[in-house]
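Remarks on the structure that follows.
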């Protein structure tokens, strides 16, 4: 909990005071690894669960109710196709879009921004 208090205190520090701190005192450097691991885990689990939901929709346990393997394929159960779009395709497209934006921005910048980059008090 002390690291969170340090991060909040350093977020509102004057730019000059923040620059005086040693690297081992800066909270952002201490928090970078746990935050990265959290986001990596979150994205990985999101991809895993959306893939599992997609497979459950396309390959249900009852082989007679497969939505894309019957004649006519989607007219029999249009709710399944809508569910697939809302739960699997649209969130995956949103994540892919923002990932592409992030990669382009990171390639242009080559470094992470600091907590105090936009310090209006200093």
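Miscellaneous remarks
- Beta carbons closer than 7 Å, at least 6 apart along the sequence or on distinct chains, pair a first residue in the stretch 30-45 that is within 17 Å of residue 4 (Cα to Cα) with a second that is part of a helix (DSSP H, G or I) for 30/3; 31/3; 31/7.
- Any hit, the stretch 96-105, residues being modelled with pLDDT of 65 or more, exposed (fewer than 13 other Cβ atoms within 10 Å of the Cβ) and closer than 30 Å to residue 17 by Cβ: yes
The values are calculated or read from the model by the stated rules, or taken from the named source; none is laboratory data. This is a predicted model, so every value here is computed, not measured. Virtual Cβ from ideal backbone geometry, glycine too; neighbours counted across all protein chains shown.
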